[in-house]
1. Please state which of the following conditions Trp112 fails to meet, knowing it meets all the rest: (1) at pLDDT below 90; (2) more than 21 Å from the chain's Cα centre (by Cα).
2. State yes or no: is Arg104 under 32 Å from the mean Cα position of the chain (by Cα) and over 24 Å from Glu178 (Cα atoms)?
3. Given the conditions (1) under 26 Å from Gln91 (Cα atoms); (2) surrounded by 15 or more Cβ atoms within 10 Å (Cβ to Cβ); (3) without any contact (Cβ under 8 Å) to a residue 24 or more places away in the chain, report the number of the one that Leu154 does not fulfil.
4. Check Trp67 against each of (1) of a type in the set (Phe, Trp, Tyr); (2) over 29 Å from Gly131 (Cα atoms); (3) under 23 Å from the mean Cα position of the chain (by Cα) and name the one condition it does not meet.
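The values are calculated or read from the model by the stated rules, or taken from the named source; none is laboratory data. This one's a predicted model, so the numbers in the text were calculated from it and none came from an experiment. With ideal geometry, Cβ positions are generated from the backbone for all residues, glycine too; neighbour counts draw on all protein chains shown.
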Amino acid sequence: MTSRRSRDSRSRSSQPRREDPTVASRRAGWQDRDEQVYAKKRARQQRQRADRERRSYDPGPPTDEDWTVAEPETDGIRRISPPTPIGDSLQSFVRRRGWDERLRGATAWSRWDEIVGPELASRCEPVRLAGGTLVVRAESQVWATQLRYLTTQLVTNARAVLGTDAVRDLRLTVGPLEGRVEPDV
C-alpha cells in the first residue's frame with residue numbers, strides 16, 4: 001500500500017503547473033511588442049523597395065544611350081546606370097575610407113626616383129607623408145644641405161607626382177637609410 005504522502009505528490013505532478021498571471025501577461029506583452037517592431041520594420045523596408053522601383057521606372061522606351069538589363073520576373077527590361085571605369089570606382093572607395101594620404105605615401109616610395117632624381121634617390125629616402133609635410137631622411141649632413149638647397153624644386157616635383165594638394169612642406173632629417181633595399185639582378 002502506498003502512503004498518502006506519495007499519492008498526493010503523484011497527483012500534484014500530473015496536474016499542469018500554473019503560471020503566475022502577471023508573468024504570463026508580461027511575456028505576452030513582450031511578444032506583442034516584438035511583433036509590432038518587426039511589422040514596422042517590414043513595412044518600412046517595403047516602402048523603401050517601392051520608392052526605389054518608382055524612381056527607377058521610366059515609361060519611355062530605351063534609347064541607344066541607355067543601359068538596360070532583362071528583368072527575370074517579367075518579360076520587360078530595366079534601365080541601369082552606365083558602368084564606370086574601375087579606376088574611378090577605386091579612387092572614390094579609397095577617398096571614402098580616408099586612405100588618400102597613405103596611398104600617396106606609398107606612391108612617394110614607389111616613385112621616389114621621379115621626385116628627387118636618380119643620384120639623390122640613393123642618398124635619401126622618404127620617411128613619411130603626413131598632413132601635407134613630406135619628411136625626408138638624408139644619409140649625411142652634406143646631403144641634407146644639398147636637399148635644403150633643392151627644397152623648392154623637390155616640393156614642386158612631389159606635387160607633380162603625388163598631386164597638387166599632397167605636399168605643402170618638406171622637412172629634413174639626418175640618419176642611416178633604412179627603407180629601400182636594392183634588388184639583386
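1. (1)
2. On the way: under 32 Å from the mean Cα position of the chain (by Cα): yes; over 24 Å from Glu178 (Cα atoms): no.
For Arg104, the condition - under 32 Å from the mean Cα position of the chain (by Cα) and over 24 Å from Glu178 (Cα atoms) - is not met.
3. Against the list (1) under 26 Å from Gln91 (Cα atoms); (2) surrounded by 15 or more Cβ atoms within 10 Å (Cβ to Cβ); (3) without any contact (Cβ under 8 Å) to a residue 24 or more places away in the chain, Leu154 comes up short only on (3).
4. The failed condition is (3).
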